[in-house]
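The values are calculated or read from the model by the stated rules, or taken from the named source; none is laboratory data. Just so you know, these numbers come straight off a predicted model, no measurement behind them. With ideal geometry, Cβ positions are generated from the backbone for all residues, glycine too; neighbour counts draw on all protein chains shown. Side chains are part of the model used for accessible areas, which takes the heavy atoms of the whole protein and leaves out ligands, DNA and RNA. Shrake-Rupley method; radii C 1.70, N 1.55, O 1.52, S 1.80 Å.
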Amino acid sequence: MNEKLEPALRLKGIVKTFPGVRALDGVDFEVMPGEVHALLGENGAGKSTLMKVLAGMYQPDEGQIIIAGQPVRMTTPIEAKAQGVVLIHQELSLVPEMSAAENIYLGELPLKSFGRVDWTTLYERSNAILERLNCNFRGEVTVVNLSIANQQMVEIARALTVDARVVVFDEPTASLTDAEKVVLFEIINDLKARGVGIVYISHRMDEIFTLSDRITVLRDGSYRGTLTTADTNEDEVTRLMIGRSLDLSRDTATPTLGETVLEVRNLTCAPLYRDISFSVRAGEVVGFYGLVGAGRTEIAETLFGLRSADSGEILIDGEKVQIGSPPDAIALGISLVPENRKEQGLVLSMNCRDNMTLPQVQNLASGPFVSSSAENEIFDKYREKLEIKTPSWRQTVRVLSGGNQQKIVIGKWLSMQPRVLIVDEPTRGIDVGSKSEIHALLRALAAQGYAVIVISSEMPEVLRVSDRIVAMYNGRIMREFTADLVTEDSLVQAISGIKATEVA
Amino acid sequence: MLLNRLKAGGPAIAKQGILVAFILFMIVFSFMSDRFLTPDNIMSVFRQSAIIGVMALGVTIVVIGGNLDLSVGSMLSFATVLVVDLHDKVGPELAIPIMVLATLCLGAINGFLIGILRLNSLIVTLGMLSAIQGLVLIYSGGQNVDIVDQRGTWFAIFGRGSVLGIAAPIIIFGLLAILFHVIMTTTPFGRKVYAVGGNPTASVFSGIPRSRIVFTTYLISALCVAVAAIILGSRVMGSQNNVGQGYELQVLAAVILGGTSLLGGAGSILKTVLGVLMLAFIQNGLILMGQPYYTQWLVTWVVIIVAVWLDVAAKRGRLFSPIA
């Protein structure tokens, strides 16, 4: 550990307002050299805004940024990088058609005379960095051919071209496998050992407790305190973050199951999935668990009429149905909350109410006009029911937090009074507080008699919300578990393609 | 300090950019020419802007739906030549419906290729621009057409008539503008156009028939062209076979000036009307100031670039920005 008393980076009383919103309200934050300082907060708490201020993308209205004892003003990300502050984005910002090396030195390619690129030096330097990161690919590779994890490595390599004082990791493990995470943590520890200050933003408590030295919590744009990791626990951090304790226990009440609402028989859409058979009863949550690419989303899309199957049958209330388009599915009472909220779930430029009433706007007409009062009634009802936090229905959904956006999408489909609700990755990119709210909501919906299908890649989520779990691997159903008989081990085996002795 | 002021104050102005610029222009021009703000001149600008204006209403709806329509210029040539030519052959009462149907067919081709086959609208309508011009030349054999008995036909009312002293083209433009404004802001169809333009994927995931909506926007655009052709044919009582050449850019300019986003999902019919009028007043003002006709092309272009710049600046929150 470096014993210098001067923080590598210090933010003092940062205030940033946007029209109508005080995004940051006098936030203090510091990171010492050789320290991993975790930054926590729910979506919308101001983490991203704070980091954008730090990276020179936003100018603070008030407050100071102090780097190595000197107050600085940064107006562009390049200036910030020159000051030794490097941001590793959550969403990759690489040029896919260029080589890894070009991406690493993007904007600062080594040059020869007449402005020609010095390729030899470029590859030498980038390969040196990639080696230091223990990467198994070379700088000459085109980025588009790299796995997501390796692309993340390129992003990290980019941070190491300068003598970084502070490196900010924004949700770095969101798309990494467990093995890749280990490598990332080694890199972070290596940077730490060399006296670099690390800011680590993540929703995952286990990572934060493994990695960090201190934890700072933001809520609603203001500073809620800094804790020493060794002296605290998840409970305390969560309480600071959401202002109350989380109830993480599973709802153990035995559900009262109704009739079978949806039944699928031998549904096949090669090569995405084959021979899929399952059923869902009213009042039941069936979880679909598997790795990305196991075919779960594709089944959901077929049930919603976005994809047609090669063969097999879909039955609603025991009657065979044809679902050729989303309107068909909607008419049959099937709703789909899609995987990708921003791309598939919402029209970001539209306001909250219009997004929510979109699928039924035709039915809300009185004469030729859409009835504003009918729309407001629906919106108010679900805003209250789902506790959606927005100043008014006129707010564009773009500015809402992830959790609230997801609730708008859920509200949109609940207001259609569906019989079958399919929810694909309901809590992706959503903070712990909203996450448990959405889990509770899904359980409550089942209790009201909906047949619910939850697709998720997160085991704790599947275990918490499901009455039954369908495990998929490579387009096939491997096993079906009931909630009381499932174990983590057998679930992991099933989704990795390991045959169990007894197939349910 | 000053730069910060500008950065902070710029976008606030930019949000009402079109209105502010419009008023500024009116003030400047009224000082430069005595005739500019006379009722006669204003009425004549309104009348002249009606053809571009009616077409711009349709194109606004196409653009809000996330596409472009560059074919409206030669479609106007087609429709005008057809209605004028048929006028003397079958009479106006048949010429008008035949022309409207034929023009709607062209719109349907656009709509099919872009809405149903989902081809790129820039390529398709650029191709249609040239294809329809070819079609007009084949139809007319390169000859210009005109109506022989110009005084005896009721067809004259659309371009030359007036009600209570207001010229018919202005009334047609005004009524259509109100109609489409109401459609876009209050009907399910309007809502769906905004949704499809704002996020086509999410619209499909919400059960909206995206293809049908896009198809319909092109039908509306063609219908507007047909109305514009009636006004134009009736006013001129004849037609050159390339009469609409260059109109597509003026129309698009008016739509952009009105602040409709070329990315789709945002825009307004009423603001397009403002854009149309602004464009017309600029062109009229330049002529009154004794500038040669072609100066207006240069000035129009500058105005559009500034309008687009202020528009993106408002979205980015500053006038200059290295990131989107």
* Find the centroid of the Cα atoms in region A:430-481 and in region B:40-75, then give the distance between the two in whole Å. => 52 Å
* To do: Report, in degrees rounded to the nearest 10, the 0 to 90 angle that the Cα long axis of helix A:148-159 makes with the longest principal axis of chain A.
  => 20 degrees
* To do: Would you give the gap between the C-alpha center of region B:214-282 and the C-alpha center of region A:155-213, rounded to a whole Å?
  => 55 Å
* To do: Per residue of A:362-368, count partner chain C-beta atoms within 10 Å of its C-beta, then hand back the mean as an integer.
  => 3
* Structure fact -> Of the residues A:P77, A:I208, A:T226, the Cα lying farthest along the dipole of region A:9-242 towards its positive end, which is defined by charges on the beta carbon of Lys, Arg, Asp and Glu, belongs to A:P77
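Kindly work out what percent of the DSSP beta bridges joining two residues of region A:260-495 are antiparallel, to the nearest 5. Intermediate results must be reported in sequence, preceding the final value.
Working: 23 of 42 bridges.
About 55 percent, rounded to the nearest 5.
Would you mind telling me the antiparallel percentage of the DSSP bridges in the protein assembly as shown, rounded to 5? Write out the running numbers ahead of the final one.
Values: 51 of 87 bridges.
That works out to approximately 60 percent antiparallel.
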* **DSSP-assigned coil residues among GluC sites (Glu not before Pro) in region A:76-142, each with at most 14 further Cβ atoms within 10 Å** => A:E91, A:E97, A:E108, A:E140
* Once Lys and Arg get +1 and Asp and Glu get -1 on their Cβ, which of A:S401, A:I438, A:I453 lies farthest toward the positive end of the dipole of region A:260-495? -> A:S401
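Expressed as a whole percent, how much of the Cα-Cα distance distribution for chain B exceeds 38 Å?
Details: 8166 of 52326 pairs.
Result: 16 percent of Cα pairs exceed 38 Å.
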* Asked: Taking the Cα atoms only, what angle lies between the long axis of helix A:372-386 and the longest principal axis of chain A, rounded to 10 degrees?
  -> 70 degrees
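Counting partner chain Cβ atoms within 10 Å of every residue's Cβ in B:186-199, what's the average? It would help to have the intermediate numbers written out before the result.
On the way: counts 7, 7, 11, 5, 3, 11, 3, 0, 5, 8, 1, 2, 7, 10.
Partner Cβ neighbours, averaged per residue: 6.
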* Structure fact -> Relative to chain A, whose Cα atoms define the longest principal axis, helix A:432-447 and its Cα axis are tilted in degrees, nearest 10, by 0 degrees
* **Positive-end residue of A:M153, A:G293, A:P359, charge dipole of chain A with Cβ unit charges** => A:P359
* What does the accessible area of B:K89 come to, in Å² to the nearest 10, when a probe of 1.4 Å is used? -> 140 Å²
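Kirkwood hydrodynamic radius of chain A from all distinct Cα pairs, in Å? Each step should come with its number before you reach the end.
Numbers: mean 1/r = 0.0400 Å⁻¹.
About 25.0 Å, per the Kirkwood formula over Cα pairs.
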* Structure fact -> Mean-square fluctuation maximum in Gaussian network of chain B, Cα pairs under 10 Å, restricted to B:V20, B:V193, B:V83, hits B:V20
* For region A:260-495, size of Cβ-based charge dipole, Lys and Arg +1, Asp and Glu -1, in debye -> 480 debye
* In vacuo Debye scattering of region A:260-495, one point per C-alpha: log10 I(q)/I(0) at q = 0.11, 0.14, 0.17 Å⁻¹? -> -0.55, -0.88, -1.27
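To the nearest 20 debye, what charge dipole does the protein assembly as shown have about its Cα centre, counting +1 at the Cβ of each Lys and Arg and -1 at the Cβ of each Asp and Glu?
Values: 70 positive and 77 negative charges, 451 e Å.
Once rounded to the nearest 20, the dipole reads 2160 debye.
Taking only C-alpha pairs under 8 Å that are 6+ residues apart, what is the relative contact order of region B:34-313 in percent? Can you show the working numbers first?
Working: 472 pairs, mean separation 99.8, N = 280.
It rounds to 36 percent for region B:34-313.
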* To do: Using a 10 angstrom cutoff on alpha carbons, build the Gaussian network for chain B and name the most mobile of B:T185, B:T60, B:T217.
  => B:T185
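Provide a whole-number value for the mean count of partner chain Cβ atoms within 10 Å of the Cβ atoms in peptide A:321-327.
Details: counts 0, 0, 0, 0, 3, 8, 4.
If you average over the peptide's residues, the count of other-chain Cβ atoms is 2.
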* In Å, descending, principal axis extents of the Cα set of region A:293-396 -> 47, 35, 23
* Ranked highest first by the average count of other Cβ atoms within 10 Å around their residues, in what order do B:65-78, A:301-314, B:140-153, A:427-440 fall? -> B:65-78, A:427-440, A:301-314, B:140-153
